[in-house]
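These notes are about the structure you will find just below.
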Amino acid sequence: MDKILKIRPYARLITMLGDQLIKNERIALVELIKNAYDADAECVKVSFLNFNDDFTVNSDSKIVIEDDGNGMNEEIIEKHWLNPATPEKKKRKKLKETTDKGRILQGEKGIGRFAIFKLGKKIRIYTRRQVWDTDKKKFVEAGEDTENVIEYDFSAYDEDFLQKNGEETELYIDDLQVAFQQRNPQIIVEREVELGGIVRTRKPHGTIIEISNLKTNWTESRVNQIQKEIGKLQPIFSEELKNDFRVWIYKDSDIHRSNELYREKLINCLNNKAVFRITNGYYNEAEKSFTFKVNGIVNRLHFSDLCGIEVFRNYFKDVNYITECGDFEFQFYIFDFMAKDTRYILDDEEDRIVKEHRIYLYRDQVRVLPYGDPDDDWLKIDMMRGTKSAGMFLSNDQVVGCVDISQKNNPLLKDKTNREGLIDEGRALEDFINLLQLLLRYFRKILYVQYQIDKKKRADIINIKDGKPLDIIESVKKKAPQDENTQKLLASFEKSYKYEKEVYADRIRKTENLAAIGLSVETASHDVMIVLKKSLTQIHQIINDLQLDGEVDKKKLLEQMISLEGSMNLVNTQMKDIRLLFPSAKSRAKGISVLEVLEKVNRLYMRPFQQYGIEISQNVLSGDMIIKATEGIMPMPKEIFNSFDE
């Protein structure tokens with residue numbers, strides 16, 4: 001070997017790491033805010049200073065990002081901040097998974113700091129380190145005695161660092177000079193500051209980044225978008241916002257507010273206007289199961305329950321398939337933009353708010369960009385709807401939700417260096433996406449289809465009850481020529497429709513009655529099955545005792561038989577009550593005691609009443625009430641029904 005060669009990158013690597021690798025200014029700003037989050041900052045202030053009224057840039061414009069986090073000392077600046085791809089955060093994660101405030105460190109590649117070069121060519125950083133208590137091994141609320149100032153000035157270079165002041169130059173990354181100064185604290189000191197309309201005490205530690213010689217011409221619309229994106233940095237669907245990390249945007253000395261009630265309106269839509277609210281979702285990789293609540297009711301699905309769905313057949317193929325993505329949590333809210341039920345109808349503003357959101361991905365409570373952007377189809381739903389069938393999946397703008405992963409449970413789901421999604425490596429990401437597609441397909445095929453069927457039935461019932469066809473017939477009769485044959489034809493059609501209406505109305509009544517009966521039977525049969533299971537256990541115990549050698553303990557046997565008799569009497573009573581629920585086609589209306597019916601209802605629903613702490617009280621004002629009806633279906637008198645409204 002003649003000599004050893006060293007890798008020496010050109011200075012244009014700075015452009016690749018910052019300007020080209022990071023997609024846009026929005027992601028660049030979010031990266032700098034994430035750095036503040038990792039530094040345990042509580043407050044971040046993003047200021048657009050000296051911009052024109054419409055946010056266009058002039059020569060004096062600058063963007064300032066200020067936080068009250070841990071800050072940096074000289075050693076951190078020299079050994080970590082100025083070194084690309086520093087492993088410092090990766091090492092910190094191995095030693096301790098969380099920060100002092102319990103946050104999971106987000107960055108680990110050491111590339112996010114180059115986001116500043118996406119925004120401008122001249123950067124000045126003021127930073128003051130928080131005091132570390134070596135005995136307690138944690139930060140204390142004080143700042144070190146020195147304030148550090150770093151300054152980059154790349155104004156003389158072209159975009160690719162190939163020219164300096166217009167002349168060709170061969171510039172390597174280690175030729176770039178960064179000015180560094182230490183001084184007594186002047187800017188990052190304890191003082192009163194106004195943030196979000198409230199006067200607060202600025203902590204004596206943290207970092208301030210000033211970016212000037214800006215590369216981008218900003219607009220108010222773009223700043224509004226930045227504000228919305230910052231609002232989505234942490235999970236937006238939780239009704240209780242965490243107060244340990246807040247970000248404000250200012251234009252000069254005025255706070256920028258694009259929409260104060262935006263989040264409140266979104267939460268209202270999610271909780272009150274969604275047809276299905278799928279919450280508390282969890283995928284258990286070891287069990288290959290999904291658990292979740294649909295409008296408050298717990299559901300559980302295994303691979304064996306989903307193997308008939310085409311997404312499962314095409315990708316997983318077998319219930320023994322082992323996924324590699326790890327456990328994750330989820331919640332989805334499904335809307336119907338063509339809803340007829342007033343509970344689900346969205347007004348124009350609500351419709352716009354819902355359609356601005358998609359399914360977001362969060363890692364350890366911090367958003368993974370760009371998943372959830374309106375133009376990002378990370379779950380390939382639009383692609384599947386376009387190439388296969390639009391009816392296979394709910395549309396992207398119809399479902400709002402979030403999926404939560406973590407570094408601990410999902411080590412194979414890694415962020416890309418350019419902060420645009422996850423690395424497509426191995427099977428982990430593909431498994432993850434197909435699991436979510438499987439869930440969404442299930443919701444569309446099972447839940448939403450049944451909802452559509454029920455919606456059509458309700459519409460048909462309303463039409464029949466309102467007699468709309470009769471109104472149409474009457475209207476045609478008035479407009480039709482006074483021709484005898486035409487009038488006879490319309491009269492015949494009207495008679496036929498009235499007959500069909502009565503038949504259909506009778507079917508509706510029977511269906512509604514059977515639905516109520518089914519609910520009662522389900523409740524009562526659950527209790528019966530519990531008693532029967534207990535009785536079988538007692539019988540097996542008796543048989544085992546009788547098979548043993550030796551004299552039978554008659555006293556013990558008698559106790560067991562008496563207990564068994566009590567169980568059978570309870571089953572007998574319950575089955576009699578259930579039998580009375582079913583109306584016979586031959587049965588005739590007769591006088592039925594309301595008090596007796598109420599006692600039977602109390603027996604049938606005793607378990608759920610106890611489970612939910614429901615207390616039943618009966619006040620008999622003037623003796624029993626007798627209603628003439630078919631046994632099993634007792635109509636509620638109007639005076640009783642009306643009393644509920646009162």
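Short to long, the 5 Å bins of the Cα pair-distance histogram for segment 265-460 hold 1, 7, 15, 20, 21, 18, 10, 5, 2, 1, 0, 0 percent of all pairs. Taking a point 7 Å out from the Cα of Leu412 in the direction of its Cβ, the residues of segment 319-343 whose backbone N falls within less than 11 Å of it are 322-327. When the GluC sites (Glu not before Pro) in segment 126-172 are filtered for DSSP coil states and for at most 13 other beta-carbon atoms within 10 Å of their beta-carbon, the remaining sites are Glu159, Glu170. With a threshold of 26 Å on the Cα-Cα distance, the over-threshold entries among Lys203/Lys251; Lys340/Lys495; Lys121/Lys355; Lys293/Lys445; Lys380/Lys445 are Lys340/Lys495; Lys121/Lys355. Between Leu82 and Arg183, the FRET efficiency from the beta-carbon distance, with R0 = 25 Å, is close to 0.85.
Summarising the amide proton neighbourhood of Glu194: residues at separation of 5 or more, or on other chains, whose placed amide H is nearer than 5 Å comprise Arg200. If the segment from Lys122 to Met383 were pulled out straight at 0.36 nm per residue, it would be longer than the present Cα-Cα gap by 89.7 nm. Modelled this way, with points 7 Å down the Cα-to-C-beta line, the labels at Val298 and Asp252 are 5.9 nm from one another. Each label point was placed 7 Å from the Cα along the Cα-to-Cβ direction; for Asp318 and Ser492 their separation is 6.7 nm.
On full extension, the segment bounded by Asp376 and Thr342 gains 9.1 nm, given 0.36 nm per residue less the C-alpha separation. Segment 146-204: percent of C-alpha pairs farther apart than 17 Å? Here the long-distance tail beyond 17 Å is 60 percent of all Cα pairs in segment 146-204. Counting 0.36 nm for each residue step from Glu356 to Glu596 and taking away their Cα separation leaves a gain of 80.8 nm. Take Glu74, project a point 7 Å from its Cα along the Cβ direction, then tell me which residues of segment 124-151 have their backbone nitrogen under 13 Å from it. Of the residues in segment 124-151, 145-149 have backbone N under 13 Å from the label point off Glu74. In segment 119-269, the inverse of the mean reciprocal separation of distinct Cα atoms equals 19.3 Å; this is its Kirkwood hydrodynamic radius. Descending by average beta-carbon neighbour count within 10 Å, the peptides 316-323, 555-562, 74-81, 375-382 line up as 375-382, 74-81, 316-323, 555-562, the highest first. Model label points for Leu546 and Asn58, set 7 angstrom from Cα along the Cα-to-Cβ axis, are 10.2 nm apart.
If R0 equals 45 Å, the separation of the Cβ atoms of Lys23 and Asp135 corresponds to a calculated FRET efficiency of about 0.50.
With a Förster radius of 56 Å applied to the C-beta separation of Gln163 and Ile446, the computed FRET efficiency comes to 0.35.
Bear in mind that the values in this text are calculations on the coordinates, not laboratory data. Not measured: the values here are computed from a predicted model. Neighbour counts are summed over all protein chains in view; Cβ atoms, including those assigned to glycine, are modelled from backbone coordinates with ideal geometry.
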